[in-house]
Amino acid sequence: MATIKKTALVIGAGTGGYPCAIRLGQLGVDAMLVEKAQPGGVCLNIGCIPSKALISATKLAHKAQHADTMGVSFGAPTVDMGKMQEWKGGIVRKLTTGVKGLVKGNGTEYREATAQFLGPKQVKLSYADGKPDDIVEAEHIVVATGSVPINIPGFDIDQKRIVDSTGALELDHVPESMLVIGGGYIGLELGQTFQRVGTKLTVVEGLDRLLPAMDKDLAQVVTKQIKADGGDIVTGARAKGWTERNGKAAVAVEVGGQIKEIEAEVVLVAVGRRPVTGGLALDKAGVKLDDKGFIVVDERQQTNVPGIYATGDVVGQPMLAHKASHESEVVAEVIAGKKTINDARVIPAVVFTEPEIATAGLSKAEAEAKGHKVNVGKFPFSVLGRAMAIDETKGFVKVVIDAEDERVLGVSIVGPEASDLIAEASLAIEMGAYAPDIGLTIHPHPTLSEAIMEAAKHAVGEAVHIQNPRKR
Ligand code: NAI
């Protein structure tokens with residue numbers, strides 16, 4: 001057992017950890033990044049990236065099948081899931097290898113080991129190959145251990161019949177039917193992925209509608225699409241358990257006090273995620289958790305123990321990769337002695353459903369709860385030239401502004417390329433823009449971005465391509 005002295009140790013090479021390790025190297029801090037599995041964490045290996053690869057491939061198949069309205073006809077798509085998986089795997093390999101290269105290239109040491117606190121400045125590293133443990137002594141320690149899916153009683157994950165997001169992303173064939181438990185981000189993204197290439201989809205959601213954390217009008221557009229593609233949605237429902245029957249799972253679902261049985265070849269459990277802190281022995285360092293098990297941090301991402309920081313999913317909602325990487329870079333600067341704090345005004349969120357949903361800033365209800373009198377501008381893609389030209393006219397852009405000073409408080413988009421369009425809204429809110437700042441900015445024509453400009457104008461009664469709600 002050797003004792004290694006470092007200025008900083010980062011635990012976890014996911015999006016909450018590796019950017020910190022890279023920045024520490026750039027800032028000249030003697031640092032080590034330790035990871036027990038592959039670099040890249042959930043996002044690169046079993047989350048954002050592989051899901052987006054499968055989503056884009058199956059969107060292509062779906063679009064091709066519906067291209068006859070544009071005068072182009074294809075036969076029914078043939079899906080080679082093995083080849084799709086291989087292609088997806090190649091992307092993941094490229095990115096994860098890139099992460100390791102960047103960490104080392106910037107002068108931060110990378111080790112594959114499992115970390116466990118021995119004290120506030122001491123961490124034990126254990127190696128899978130049986131090499132003797134090492135001890136790292138570091139002035140600064142960053143915990144970026146992420147999150148894992150929550151399990152529900154009665155549904156042990158076997159990654160065959162009952163899968164979590166990891167198993168769903170590895171399916172070697174298109175299942176004939178899939179029952180998704182949980183109508184949130186993961187359930188809908190992955191459920192629609194397979195639905196688009198022929199899987200009969202059923203979504204079981206505990207609350208009264210899909211995507212309960214999003215505005216109802218946004219969620220409704222996706223709900224309609226799932227139904228239009230032949231899916232079933234059962235709300236106010238709890239999955240209780242299942243039995244194997246004829247090569248399928250017969251799932252008992254409780255709805256309105258009655259038990260209903262739904263059969264599906266594959267059951268995807270997507271009811272949320274929980275932080276990973278077990279096995280770290282955080283108690284030996286004295287790090288405080290909240291009542292949900294998340295690590296409590298301040299605006300410098302520092303825990304209650306000076307010199308111990310935490311970033312990403314392990315510090316709480318929203319559990320989003322871009323939030324994690326931002327926090328990760330903040331910590332590197334804090335450790336390097338800069339006066340940086342995490343003062344981001346907005347954390348955009350994207351759900352890669354069909355169509356996509358993206359939000360930045362406050363919803364109308366959130367703005368009103370904060371005491372704002374608000375105006376809302378809305379512009380539907382159905383009247384936008386570019387949306388018509390790509391035959392993707394479902395959805396709208398909604399801009400929430402303060403009715404008094406016209407400052408942009410929030411933007412939400414459901415529709416084509418919402419994931420990319422939202423970046424403009426994030427920048428606008430981060431820079432403290434007013435609705436006319438967006439409305440008077442010349443947006444290229446014909447593009448989807450014009451919908452944001454028109455919605456901002458609509459909020460102040462100046463939209464040109466739609467009736468305005470009021471005279472100024
Ligand atoms: P989620 O919290 O988005 O949705 C879980 C849903 O399951 C909720 O609607 C909840 O009401 C429902 N539910 C809970 N228990 C249930 C039960 N027993 N029966 C039926 N329904 C039940 O969680 P999800 O989809 O697992 O995603 C986890 C996290 O991962 C999200 O919070 C999100 O931040 C992150 N994520 C982000 C993505 C993105 O940025 N595009 C994509 C996927 C995940």
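Summary of values
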| read-out | value |
| --- | --- |
| Test for A138: is it in contact with a Cys (Cβ under 9 Å, 6 or more places away or on another chain), away from the ligand (no atom under 14 Å from the Cβ), small (G, A, S) and modelled with pLDDT of 95 or more | no |
| Tabulated pairs, segment 196-213, first among the basic types (K, R) and modelled with pLDDT of 95 or more, second near the ligand (Cβ under 7 Å from one of its atoms) and outside any strand (DSSP E or B), C-beta under 9 angstrom, 6+ apart or interchain | R209/G183 |
| Which listed residue, of S51, S56, is in contact with a helix residue (DSSP H, G or I) (Cβ under 8 Å, 6 or more places away or on another chain), at pLDDT 95 or above, within 16 Å of the ligand (Cβ to nearest atom) and among the polar types (S, T, N, Q) | S51 |
| Residue in segment 400-420 that is nearest to I390 (Cα to Cα), counting only those that are surrounded by fewer than 24 Cβ atoms within 10 Å (Cβ to Cβ) and within 16 Å of the chain's Cα centre (by Cα) | E417 |
| Inter-residue pairs, beta-carbon under 6 Å, first under 11 Å from L218 (Cβ atoms) and in segment 390-415, second basic (K, R), 6+ apart | F396/K378; K398/K378; S412/K398 |
| Among the candidates L125, L188, L118, residue that is surrounded by 23 or more Cβ atoms within 10 Å (Cβ to Cβ) and away from the ligand (no atom under 13 Å from the Cβ) | L125 |
| Checklist (1) away from the ligand (no atom under 13 Å from the Cβ); (2) in contact (Cβ under 8 Å) with a residue 12 or more places away in the chain applied to G257, failing item | (2) |
| Residues located in segment 372-388, provided they are over 28 Å from the mean Cα position of the chain (by Cα) and part of a helix (DSSP H, G or I) | V383, G385, M388 |
| Residue list for segment 297-307, filter: among the β-branched types (V, I, T) and surrounded by fewer than 23 Cβ atoms within 10 Å (Cβ to Cβ) | V305 |
| Count - residues of segment 68-87 that are free of Cβ contacts under 8 Å to residues at least 40 places away in the same chain and not small (G, A, S) | 9 |
| Unique residue being more than 12 Å from the ligand (Cβ to nearest atom) and either touching a Pro at 6+ places or on another chain (Cβ under 8 Å) or in contact (Cβ under 8 Å) with a residue 12 or more places away in the chain (or both) when the list is G230, G236 | G230 |
| Flag for G183 being in contact with an Asp or Glu (Cβ under 9 Å, 6 or more places away or on another chain), near the ligand (Cβ under 9 Å from one of its atoms) and either within 16 Å of V266 (Cα to Cα) or touching a residue at least 40 places away in the same chain (Cβ under 8 Å) (or both) | yes |
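Per-residue answers, yes or no, for (1) closer than 15 Å to A249 by Cβ; (2) within 12 Å of the ligand (Cβ to nearest atom); (3) hydroxyl-bearing (S, T, Y); (4) surrounded by fewer than 21 Cβ atoms within 10 Å (Cβ to Cβ):
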residue	(1), (2), (3), (4)
H173	no, no, no, yes
S177	yes, no, yes, yes
T193	no, yes, yes, no
K200	yes, no, no, yes
L210	no, yes, no, no
M214	no, yes, no, no
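The values are calculated or read from the model by the stated rules, or taken from the named source; none is laboratory data. Just so you know, these numbers come straight off a predicted model, no measurement behind them. Glycine gets a Cβ as well: all are built from the backbone with ideal geometry, and neighbour counts include every protein chain shown.
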